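Accompanying notes for the structure given below.
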Amino acid sequence: MKTLFKRTALAAMIGLSTPALASVAYVSNEKDNTLSVIDTETQKVIETIDVGQRPRGILLSKDYTKLYICASDDDTVQVLDLATRKIVDTLPSGEDPEQFALHPNNKHLYIANEDDAIVTVVDVDSKEVLAQIDVGIEPEGMAVSPNGKWAVNTSETTSMLHWINTETFEIEKNIVVGQRPRHVEFSRDSKIAWASAEIGGTVHIIDVDNLEQIHEMSFKVPGVNQDRVQPVGIELTSDGKYAFVALGPSNHVAVVDAKTYEVLDYLLVGARVWQLDLDKDETHLYTTNGVSGDVSVINLEDMKVIKSIKVGRYPWGVVIDPTS
Amino acid sequence: MKAAHYWHCFVGIQTREWLRFWQQRTRFASALVRPLLWLVVFAAGFRAVLGISIIPPYETYITYETYIAPGLCGMIILFNSMQGALSMVYDRELGSMRVLLMSPLPRPFLLVTKLLAMGVVSIGQVYVFLLLALLVDVEPPLWGYLAVLPALILTSLMLGALGLLIATWIKQLENFAGVMNFVIFPMFFMSSALYPLWRMNEASPWLYWICQFNPFTHAVEAIRFSLYLEWNPMAYGITGGVTVVLALLATAGFRPQRTKILGTSKPA
């Protein structure tokens, strides 16, 4: 009995000293110049952080201690310390940064500068601009392969994927895709890249070894005009089973079998769904819905949208901190 | 009068209603066609029209099919209750209602039992409808099917009492067309069954207020919230209150002698 009491007391103490930390999602609100912080357990906004003007692309450092924010109208990348949730630094970014990607070395940040038709590479430690690479007109999407070999930029007007060698900072290949390519996502093994073309309404699957397109997908959402089906954000599960494609103003997310490229379902979310992120154990997918100003949560077990959480105006990007 | 007598009478009335239902099985099926048409055809056309807004009890965006399903459950009960009223006129004309009311048990008990018996058949239809609605992805939580039962019983009692009240005024069977035009359609269309009330308010504020004063709106909302495991005290309160008032009025005013067979219009 005594032991039991001791154990209970001990358990209570442990419980008190280390409260279970719920994981959080960060959402950039383009029009409010804020980040919303969502507790993924309670699915409520627990904090709103003021950041620079027009925050769009956001990403986590590889050690999950910092969050980088493209403050597009301030022409800078801000650094948010995750422990204190305060802006601690800014990085040079070139003009109008929208999307960016961090190399696995946790140092090289690749930033697409839409107005200048260049990609700027910044060392996040020394804040030095390492290179400015000329790409097509209106560069937009940015991704670095998990093995660190390739950086890919999409240029909206040229409708190309520019494959940049991360050692030489030079373009090695251009692949023409559908109109207005927006976003690129690599499979975890760096073998396959998925690229969305917003106006073309397509998603292009690229074999990374040969740098060739192996498949092109299109989407047909029941009851929605085809003009409104505009693929943007893409997210892949690490087991290689599913891909999720945000279909913009069609207000749906496509669930795709990542092996057969067959669309399994279309899920109704908020208006103009933009970017996506999976939580740590990949049981829930979070989507930013720009026009309706909320974040929808999809349960992956039964592929149902379970909740939509009001955030700021024009939520753009979402990342979930897996360590919190 | 012992409880056993009440029970005996209760079972008797229920059995009679089931027998009637069993003899009219095709009516059971055909009564399902109407809400299913609304769900599959009408809702499909309006899929994208509803607009963007998350309203309780829903926690995310829903298809129009999902929105109107609770309203169509209400519609099934509404039509059945009015048809029940019709059957009471019929019973009255044939005199079988008088046989029922010859029972020494209190009249309100007899009438409420009769309403419950009619409600059981309606609720059976609602559950069949909800099962079929799964085919168009109307998927409330599993416990919602149980939680909605009190709301369905209350709705069927309220609309049954309304039917009973109307039945005291209908002189002949043919007047049912009037019931359709002046009771069923206005009640159904001027409610939250087809459009959320914020939509009505955008269209016209006075229409919104009519909908707010329509007890059918609150019955539908009680069904909607219960089906999604949310508690809506206002909807339940209003539906319950209106049920009591209508039941009192209907039982007090029910005079089986009022109409006469074969056109003799003078009360006995």
Could you tell me which of the residues A:THR287, A:THR283 is buried (at least 19 other Cβ atoms within 10 Å of the Cβ) and under 28 Å from A:THR323 (Cβ atoms)?
A:THR287
The condition of being out of contact with any strand residue (DSSP E or B) (no Cβ under 7 Å at 6 or more places or on another chain), at pLDDT below 95, under 28 Å from A:THR158 (Cβ atoms) and of a type in the set (Asp, Glu) holds, among A:ASP116, A:ASP96, only for A:ASP116
Just checking, does the range A:159-178 include any residue being under 22 Å from the mean Cα position of the chain (by Cα) and of a type in the set (Lys, Arg)?
no
How many residues does the range B:95-123 hold that are free of Cβ contacts under 8 Å to residues at least 40 places away in the same chain and either assigned to a helix (DSSP H, G or I) or closer than 17 Å to B:ALA161 by Cβ (or both)?
3
Which one is farthest from the other protein chains (Cβ to nearest Cβ), of the residues in the range B:142-166 that are aliphatic (A, V, I, L, M), assigned to a helix (DSSP H, G or I) and under 30 Å from B:TYR61 (Cβ atoms)?
B:LEU154
Exclusive hit being under 24 Å from B:SER226 (Cα atoms), in a loop (DSSP other than H, G, I, E, B) and among the charged types (D, E, K, R), set B:GLU65, B:GLU139:
B:GLU139
Count - residues of the range A:114-132 that are buried (at least 21 other Cβ atoms within 10 Å of the Cβ) and either closer than 30 Å to A:ILE46 by Cα or among the polar types (S, T, N, Q) (or both):
1
For the range B:216-234, which residues satisfy the criterion of being touching a residue at least 60 places away in the same chain (Cβ under 8 Å) and among the aliphatic types (A, V, I, L, M)?
B:ALA219, B:VAL220, B:ALA222, B:ILE223, B:LEU227, B:LEU229
On the given criteria, is B:PRO57 within 14 Å of chain A (Cβ to nearest Cβ) and under 19 Å from B:PRO150 (Cα atoms)?
yes
Here is a list: A:GLY57, A:GLY94. Which entry is touching a residue at least 12 places away in the same chain (Cβ under 8 Å) and more than 16 Å from the chain's Cα centre (by Cα)?
A:GLY94
Specify the residue that is farthest from A:ASP239 (Cα to Cα); the eligible residues are those in the range A:179-192 that are in a loop (DSSP other than H, G, I, E, B) and within 17 Å of the chain's Cα centre (by Cα).
A:SER190
Considering the range A:273-301, residues that are among the aliphatic types (A, V, I, L, M) and touching a Pro at 6+ places or on another chain (Cβ under 8 Å), and then whichever is farthest from the other protein chains (Cβ to nearest Cβ), we arrive at A:VAL295
Mind listing just one residue for me: the one in the range A:302-312 that is within 14 Å of another protein chain (Cβ to nearest Cβ) and not hydrophobic (A, V, I, L, M, F, W, C) and, of those, surrounded by the fewest Cβ atoms within 10 Å (Cβ to Cβ)?
A:ASP302
Taking strands (runs of 3 or more DSSP E) that do not extend beyond the range A:201-272, which have at least 2 residues that are within 14 Å of another protein chain (Cβ to nearest Cβ) and out of contact with any helix residue (DSSP H, G or I) (no Cβ under 8 Å at 6 or more places or on another chain)?
A:252-257, A:263-268
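The values are calculated or read from the model by the stated rules, or taken from the named source; none is laboratory data. These numbers were taken from a predicted model, which means no experiment stands behind them. FYI the Cβ positions are ideal-geometry reconstructions off the backbone, even for glycines, and counts take in every protein chain you see.
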